[in-house]
Amino acid sequence: MKERHLGRSGLPVSRLGLGTMTWGQDTDPSEAAAQLVAFVEAGGTLVDTADVYGDGDSERILGHLMRELVDRDGLVVATKAAIRPNGRYDASRRHLLRALDASLDRLDLDHVDLWQLHVYDPATPLEETLSALDEAVASGRARYVGVSNYAGWQVAKAAAWQRAWPGRAPIVSAQLEYSLLRRDIEREAVPAALDAGAGLLPWSPLGRGVLTGKYRTGIPAGSRAAADRYADFVRPYLDEECGRIVESVVTAAEGLGVSPLSVALSWVRDRPGVAAPIVGARTAAQLEAILGSEDLTLPQEIRAALDDVSDMSSAHG
């Protein structure tokens, strides 16, 4: 798997990242182990988790697998904080630094490579939140820092604050939802990240699974849309507009002799500023299909056609 630098930092990451949101919930430890091995064998390095995934179980499983199964030094370990277990946002310095220490304990590490603010907390002054990032880097508990789910103005404000004084930890990444079905971030958040030198880490690059084409004729049993926990998450992308984009992806895939998944993932992977889409899978078999997209580069005419059909004036957002 090829590597890219994360934004304007010196940190190289694989151009696909492994997401672990399902670990400890829909993905048991044995499946997680199979996923991680397959990912590493394919040349993957960036593994992304968060303190709230599976109430901490995602980090615990990753920590165990790094002790027992793979070389931690070969991984770029990324985690997040700013959401309490009850769902309340909390980016206070007190909560963030406690959360980081708890993450390190679950991961059984003395530092993470990338520590990210999971959400923007409007109840906490941004300068207080960012001071926790500075402390994390200065103390050696994090090597790099980034943001997640920030609006464009929030990315710009955080990045400008960090650049305003020597010694502050720069924002090197912005993890945002980005796919052919979700291009609204191109209006403000993407330009803000590019200006700040932050690499984009798109989450849900397959449009919450819809861009695989699995929902073209209905909702399959066992799919996310069929599960009470995820139905509301998937439903916004099952409308007619999104269906039109999915059909274009399927047509492109048939013409190229590849899967719709590969087309959709290749499109977002090679967008300006993207360092690594974060891909998640419930099973190792699903991940193997995702890893198979690595060698596909879309022809310019197909990329242009997909750009046109998913234009922001029609796509969600």
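Every read-out reported here was derived from the displayed coordinates using simple, explicitly stated rules and does not represent laboratory data. Everything numeric in this text was worked out from a predicted model, so none of it was measured. Cβ atoms come from the backbone with ideal geometry, glycine included; neighbour counts cover every protein chain shown.
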- Message: Using amide H atoms built in the peptide plane, which far-off residues or other-chain residues are under 5 Å from G17 H to H?
- Response: I278, V279
- Expected sort for 229-241, 246-258 on mean C-beta neighbours within 10 Å, highest first, is 246-258, 229-241
- Item | Whether the stretch 97-178 is rounded, prolate or oblate, judged on the alpha carbon gyration tensor where a/c under 1.5 counts as rounded | prolate
- Item | For the stretch 118-183 versus the stretch 291-311, the gap between their alpha-carbon centres in whole angstrom | 30
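How big is Rg to Rh over the stretch 15-130, alpha-carbon atoms, Rh as the Kirkwood inverse-mean-distance radius?
Values: Rg = 14.2 Å, Rh = 14.4 Å.
My calculation puts Rg/Rh at 0.99.
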- Sequence neighbours fewer than 8 away in the same chain don't count; with that in mind, list the lysines whose C-alpha is under 20 Å from K80. K157
- So how far apart, in nm, are the two label points at D134 and E288 if each is 7 Å from Cα heading toward Cβ? 5.0
- Karplus-derived 3J(HN,Hα), 6.51/-1.76/1.60, for each residue of the stretch 39-46, Hz, glycine and proline x: 5, 5, 5, 7, x, x, 10, 7
- Task: Taking only the C-alpha atoms, wrap a convex hull around the chain and report its volume per residue in Å³ as a whole number.
- Result: 123
- Item | Phi-based couplings in Hz for the stretch 284-291 (Karplus 6.51, -1.76, 1.60; Gly and Pro marked x) | 5, 5, 5, 5, 4, 5, 5, 5
- Calculated on alpha-carbon atoms, Rg and Dmax of the stretch 160-219 in Å: 15.8, 56
- Task: May I ask you to order 281-290, 295-304 by the average number of other C-beta atoms within 10 Å around their residues, highest value first?
- Result: 281-290, 295-304
- Using only Cα atoms, what is the ratio of the radius of gyration of the stretch 185-262 to 2.2 N^0.38 Å? 1.30
- Report the relative contact order of the chain, percent, no decimals, based on alpha-carbon pairs under 8 angstrom and at least 6 residues apart. 19
- Message: Taking every DSSP beta bridge with both residues inside the chain, roughly what % is antiparallel (nearest 5)?
- Response: 15
- Task: Only bridges with both residues in the stretch 94-221 count here: give the DSSP antiparallel percent, nearest 5.
- Result: 5
